[in-house]
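Q: Following this message is one structure expressed as structure tokens.
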Amino acid sequence: MQVDDALLKRLEKLSFLTIDDEKREEIIAQLSGIVEFVDNLSELNTENVDENFALSDSGTPTREDKSVCDSAINDDILKNAPRSEEHFFIVPKIIE
Amino acid sequence: MITLKEALALSKEELATFKKDLKKQIEAKPELNAYIDVNNVGEGVPIAIKDNIQVKDWSVTSGSKILEGYIAPYNATVINKLTDAGLSPFGRTNMDEFAMGSTTESSCYGITQNPHNANCVPGGSSGGSAAAVAAGLAIAALGSDTGGSIRQPAAFCGIVGMKPTYGRVSRYGLGAYASSLDQIGPMTQNVEDAAILYDIISGHDVKDSTSHESNEKVSDKLDASRKLTIAIIPEHVKDASDDIKKGYAKTVEALKAAGHTIVEKSLMDGKFDISAYYITATAEATTNLARYDGVRYGNRKEGESLHDLYVRTRSEGFGDEVKRRILLGNFVLSSGYYDAYYVKAQKVRHLIKDEYAKLFAEVDLILSPVAPRTAYEVGALEDPLEMYLSDIYTISVNLAGLPAISLPVDTAENGMPVGLQLIANAYEEQTLFDGALSLEKQLNFKLNS
């Protein structure tokens, strides 16, 4: 299948990315080439194959619901964050 | 360079002098660019660390501008295991941005040279780790392998690189690329050192829910005299370069001479592996990389609104290959395409895993190329699809969660190393290392440089 500019716009929105004008044509061609290649999977019969895949057959292990918190990690992250004040991350205003 | 086994016998005083000299040697060769910088933790044997493994208080950036300014607030489990065993994280090594690449060219720190030819890439994504060991500037290193990122640079640089079974080594503290495929592993000068370092970093970890519940060790039980049944896949090898074919033929003879039984087998066309891999890996990468939004860590580009801040931070912080994979991942996960691409790839993953399981009911190991040819010239893999196709021999191992080891077997006509890999069944690391040690001894191969 071919990727077009409308699809690229949708993917940019989903990705929180903008692709520069001068690169759009190139990336559309590259994505189209890759998608066309991976379309080869349709040659394989996967009828009745489980659609969920996990490497372990035993599933995700459960554990006791105990809270664990190393607050030094929080402190270090906040100290090195792009903007933080009083133990909060600062972002542009989101409510008028 | 002394081996890891030898270094583990050195005294604290000898190690201190050794590390001082090593730092000087690294700084004397800045053009190699294997290391991003050289910091040290503790008094132990120095181990180079890929730039996506958390070392507390180090800048750890996954080779990306978007993580400029981020300081790791904790140690990855593998780092705690290293220091507990008397080893020292020593220097962080260059890599493709977020481990997405096969050449180390997409790093924000610039390219790393292949120590055997400065015009060639060291492979990727763990290219800095491979180049450091190959150049005699590291005793051993840690890398990570999502689709061949330990084994391929090991082959291109002429060293040993091992990818453990999925779940053997904790991923806690590894900068995530594709969580169902990523594994940390050793990159060393020889097979025995790889087994020693694997033993140190492996084992169950409650902080990784996919960690395997066992702590079996291998290095104290290495046995090169075991006679194994080893599969060769002639159909796969026919598309490799003449240098790789020659190395493969030489290796098959060596394995026979060592008393192993060689049997011919087949596997499905590698083009399906590439498709299943790039759908799965980009889908998981898209999800994992959603966290880089400029709010909590790394490099923020201010915007007028929060949305603007997210988009500017990500558009200016990520490089081209990472953006491509995020866009692709969102494509295969998006409404209308999810079933045809993502779900289909998961089904194909079952087929790949089942095919290996059937094969390993009959054989102990598989001998396979690592890459279709020796190290590429800088800039030769600019086309992304071309680069993806070059992963043809390594990615099915990640899709099926198997262990594999790449080791040097020959020198190509152009003087570059030829590496091949042995693949074992899941959790059969002992068989993998025994077979690799037997091959290493039988070949007794030394690279020229």
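Q: Somewhere in segment B:291-299, is a residue buried (at least 21 other Cβ atoms within 10 Å of the Cβ), of a type outside the set (Phe, Trp, Tyr) and closer than 28 Å to B:Glu382 by Cα? It would help to see each step written out before you state the result.
A: Restricting attention to segment B:291-299, the residues satisfying the condition of being buried (at least 21 other Cβ atoms within 10 Å of the Cβ) are B:292, B:294, B:297-298.
When the remaining residues are screened for being of a type outside the set (Phe, Trp, Tyr), the result is B:294, B:298.
Remaining after also requiring closer than 28 Å to B:Glu382 by Cα: B:298.
Yes, the conditions are met somewhere in segment B:291-299.
Q: Within segment B:186-290, which helices (runs of 4 or more DSSP H) (wholly inside it) include 2 or more residues that are more than 25 Å from B:Ala76 (Cα to Cα), out of contact with any strand residue (DSSP E or B) (no Cβ under 8 Å at 6 or more places or on another chain) and at pLDDT below 95? Lay out the reasoning, then the answer.
A: On the way: elements: B:191-201, B:234-237, B:242-257, B:270-288.
Helices (runs of 4 or more DSSP H) meeting the threshold: none at all.
Q: Mind listing whichever residues of segment B:145-173 are open to solvent by 10 Å² or more (accessible area, probe 1.4 Å) and of a type in the set (Ser, Thr, Tyr)?
A: B:Tyr166, B:Tyr172
Q: Right, something else. Within segment B:367-389, which residues are closer than 15 Å to B:Asp273 by Cβ and in a strand (DSSP E or B)?
A: B:Ser368, B:Pro369
Q: Could you check, for segment B:414-432, whether at least one of its residues is in a helix (DSSP H, G or I), within 14 Å of chain A (Cβ to nearest Cβ), closer than 30 Å to A:Glu51 by Cβ and of a type in the set (S, T, N, Q)? Let's see the steps before the verdict.
A: To start, the set of residues in segment B:414-432 that are in a helix (DSSP H, G or I) comprises B:429-432.
Of the ones still in play, those that are also within 14 Å of chain A (Cβ to nearest Cβ) are none.
No: segment B:414-432 contains no residue that is in a helix (DSSP H, G or I), within 14 Å of chain A (Cβ to nearest Cβ), closer than 30 Å to A:Glu51 by Cβ and of a type in the set (S, T, N, Q).
Q: Condition check: more than 8 Å from chain A (Cβ to nearest Cβ) and of a type in the set (A, V, I, L, M). Does B:Ala257 satisfy that?
A: On the way: more than 8 Å from chain A (Cβ to nearest Cβ): yes; of a type in the set (A, V, I, L, M): yes.
Here the answer is yes, as B:Ala257 does meet what is asked.
Q: Let me ask you something else. Taking the condition open to solvent by less than 30 Å² (accessible area, probe 1.4 Å), in contact with a strand residue (DSSP E or B) (Cβ under 9 Å, 6 or more places away or on another chain) and either of a type in the set (A, V, I, L, M, F, W, C) or at the interface with another protein chain (Cβ under 7 Å from one of its Cβ atoms) (or both), does B:Val311 pass? Steps first, answer last, please.
A: On the way: open to solvent by less than 30 Å² (accessible area, probe 1.4 Å): yes; in contact with a strand residue (DSSP E or B) (Cβ under 9 Å, 6 or more places away or on another chain): no; either of a type in the set (A, V, I, L, M, F, W, C) or at the interface with another protein chain (Cβ under 7 Å from one of its Cβ atoms) (or both): yes.
Criteria not met by B:Val311.
Q: Being buried (at least 20 other Cβ atoms within 10 Å of the Cβ) and β-branched (Val, Ile, Thr) is the filter; apply it to segment B:198-217 and report the residue that is farthest from the other protein chains (Cβ to nearest Cβ). Break it down into steps so the answer makes sense when it comes.
A: Start the filter on segment B:198-217 by keeping residues that are buried (at least 20 other Cβ atoms within 10 Å of the Cβ), which leaves B:198-202, B:205, B:211-212.
Remaining after also requiring β-branched (Val, Ile, Thr): B:200-201.
Values: B:Ile200: 23, B:Ile201: 19 Å.
Checking each candidate, the answer is B:Ile200.
A quick yes/no check of all residues on (1) surrounded by 13 or more Cβ atoms within 10 Å (Cβ to Cβ); (2) within 30 Å of B:Val348 (Cα to Cα); (3) hydroxyl-bearing (Ser, Thr, Tyr):
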position	(1), (2), (3)
B:Ala231	yes, yes, no
B:Pro234	no, yes, no
B:Val237	yes, yes, no
B:His260	yes, no, no
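Q: Turning to a different aspect of this structure: What about B:Ala357, is it over 24 Å from A:Asp39 (Cβ atoms), in a helix (DSSP H, G or I) and not basic (Lys, Arg)?
A: Working: over 24 Å from A:Asp39 (Cβ atoms): yes; in a helix (DSSP H, G or I): yes; not basic (Lys, Arg): yes.
Criteria met by B:Ala357.
Q: Evaluate segment B:302-318: report whether one residue or more is outside any loop (DSSP other than H, G, I, E, B) and closer than 16 Å to B:Tyr388 by Cβ.
A: No, there is no match, as no residue in segment B:302-318 is outside any loop (DSSP other than H, G, I, E, B) and closer than 16 Å to B:Tyr388 by Cβ.
Q: While we're looking at this one, here's another question. Going by the conditions given, is B:Asp320 more than 7 Å from every other protein chain (Cβ to nearest Cβ), without any contact (Cβ under 8 Å) to a residue 12 or more places away in the chain, under 20 Å from A:Asp21 (Cβ atoms) and surrounded by fewer than 22 Cβ atoms within 10 Å (Cβ to Cβ)? Break it down into steps so the answer makes sense when it comes.
A: Values: more than 7 Å from every other protein chain (Cβ to nearest Cβ): yes; without any contact (Cβ under 8 Å) to a residue 12 or more places away in the chain: no; under 20 Å from A:Asp21 (Cβ atoms): yes; surrounded by fewer than 22 Cβ atoms within 10 Å (Cβ to Cβ): yes.
It is false that B:Asp320 is more than 7 Å from every other protein chain (Cβ to nearest Cβ), without any contact (Cβ under 8 Å) to a residue 12 or more places away in the chain, under 20 Å from A:Asp21 (Cβ atoms) and surrounded by fewer than 22 Cβ atoms within 10 Å (Cβ to Cβ).
Q: Between residues in segment A:60-89 that are over 21 Å from B:Gly298 (Cβ atoms) and residues that are of a type outside the set (Phe, Trp, Tyr) and surrounded by 11 or more Cβ atoms within 10 Å (Cβ to Cβ), which pairs lie under 7 Å by C-beta distance while being six or more apart or on different chains?
A: Sorted first by the residue in segment A:60-89, then by its partner, the pairs are A:Thr60/B:Ser209; A:Pro61/B:Ser209.
Q: For segment A:14-25, does any single residue satisfy the condition of being surrounded by 12 or more Cβ atoms within 10 Å (Cβ to Cβ) and either touching a His at 6+ places or on another chain (Cβ under 9 Å) or modelled with pLDDT under 95 (or both)?
A: Yes, because at least one residue in segment A:14-25 is surrounded by 12 or more Cβ atoms within 10 Å (Cβ to Cβ) and either touching a His at 6+ places or on another chain (Cβ under 9 Å) or modelled with pLDDT under 95 (or both).
Q: Another question, if that's okay. Could you list all residues from segment A:33-72 that are surrounded by 13 or more Cβ atoms within 10 Å (Cβ to Cβ) and closer than 17 Å to B:Lys207 by Cα?
A: A:Ser56
Q: If a residue must be more than 9 Å from chain B (Cβ to nearest Cβ) and among the polar types (S, T, N, Q), how many such residues does segment A:46-70 contain?
A: 3
Q: Further question: It is to be established whether one or more residues within segment A:83-90 are modelled with pLDDT under 95, more than 7 Å from every other protein chain (Cβ to nearest Cβ), open to solvent by 80 Å² or more (accessible area, probe 1.4 Å) and on the phi > 0 side of the Ramachandran plot.
A: There is at least one residue in segment A:83-90 that is modelled with pLDDT under 95, more than 7 Å from every other protein chain (Cβ to nearest Cβ), open to solvent by 80 Å² or more (accessible area, probe 1.4 Å) and on the phi > 0 side of the Ramachandran plot.
Q: If you don't mind, there's one more thing I want to ask. Is it the case that segment B:327-343 has a residue that's part of a helix (DSSP H, G or I), more than 10 Å from every other protein chain (Cβ to nearest Cβ) and surrounded by fewer than 23 Cβ atoms within 10 Å (Cβ to Cβ)? Walk me through how you get there before you give the answer.
A: Of the residues in segment B:327-343, the ones part of a helix (DSSP H, G or I) are B:327-333, B:339-343.
Now restrict to residues that are more than 10 Å from every other protein chain (Cβ to nearest Cβ): none.
No, segment B:327-343 contains no residue that is part of a helix (DSSP H, G or I), more than 10 Å from every other protein chain (Cβ to nearest Cβ) and surrounded by fewer than 23 Cβ atoms within 10 Å (Cβ to Cβ).
Q: Turning to a different aspect of this structure: Of all residues in segment B:368-409, which are among the aliphatic types (A, V, I, L, M) and open to solvent by 10 Å² or more (accessible area, probe 1.4 Å)? Let's see the steps before the verdict.
A: Taking segment B:368-409 and keeping what is among the aliphatic types (A, V, I, L, M), we get B:370-371, B:375, B:378, B:380-381, B:385, B:387, B:389, B:392, B:395, B:397, B:399-400, B:402, B:404-405, B:407, B:409.
Listed by number, the residues that qualify are B:Val378, B:Ala380, B:Leu381, B:Leu385, B:Met387, B:Leu389, B:Ile392.
Q: Scanning segment B:273-297 for residues that are of a type in the set (S, T, N, Q) and more than 8 Å from chain A (Cβ to nearest Cβ), which turns out nearest to B:Val60 (Cα to Cα)? Give the derivation first.
A: Here is the first cut: in segment B:273-297, the ones of a type in the set (S, T, N, Q) are B:275, B:280, B:282, B:286-288.
Add one more test, that the residue is more than 8 Å from chain A (Cβ to nearest Cβ), and what stays is B:280, B:282, B:287-288.
Details: B:Thr280: 25, B:Thr282: 22, B:Thr287: 20, B:Asn288: 16 Å.
For segment B:273-297, the residue satisfying everything is B:Asn288.
Q: Quick test of your reading of the structure: B:Tyr172 fulfils all but one of (1) in contact with a Lys or Arg (Cβ under 6 Å, 6 or more places away or on another chain); (2) of a type outside the set (Val, Ile, Thr); (3) within 28 Å of B:Phe272 (Cα to Cα). Name the failing condition by number.
A: (3)
Q: If you go through segment B:265-290, how many residues are open to solvent by 30 Å² or more (accessible area, probe 1.4 Å) and either in contact with a Gly (Cβ under 7 Å, 6 or more places away or on another chain) or of a type in the set (Lys, Arg) (or both)?
A: The number of residues fulfilling the criteria is 2.
Q: If I filter segment B:398-409 for residues that are at negative phi, within 14 Å of chain A (Cβ to nearest Cβ) and hydroxyl-bearing (Ser, Thr, Tyr), do I get at least one hit? Walk me through it before giving the result.
A: The initial filter retains those residues of segment B:398-409 that are at negative phi, namely B:398-400, B:402-409.
In the following step, the residues that additionally are within 14 Å of chain A (Cβ to nearest Cβ) were identified as B:398-400, B:402-403.
Now narrow it down to the ones that are hydroxyl-bearing (Ser, Thr, Tyr): none.
There is no residue in segment B:398-409 that is at negative phi, within 14 Å of chain A (Cβ to nearest Cβ) and hydroxyl-bearing (Ser, Thr, Tyr).
The values are calculated or read from the model by the stated rules, or taken from the named source; none is laboratory data. Predicted model, so just to flag it, every value in this text is computed and none were measured. Neighbour counts are summed over all protein chains in view; Cβ atoms, including those assigned to glycine, are modelled from backbone coordinates with ideal geometry. Ligands, DNA and RNA are excluded from the accessible area calculation, which covers all protein heavy atoms including side chains. Shrake-Rupley method; radii C 1.70, N 1.55, O 1.52, S 1.80 Å.
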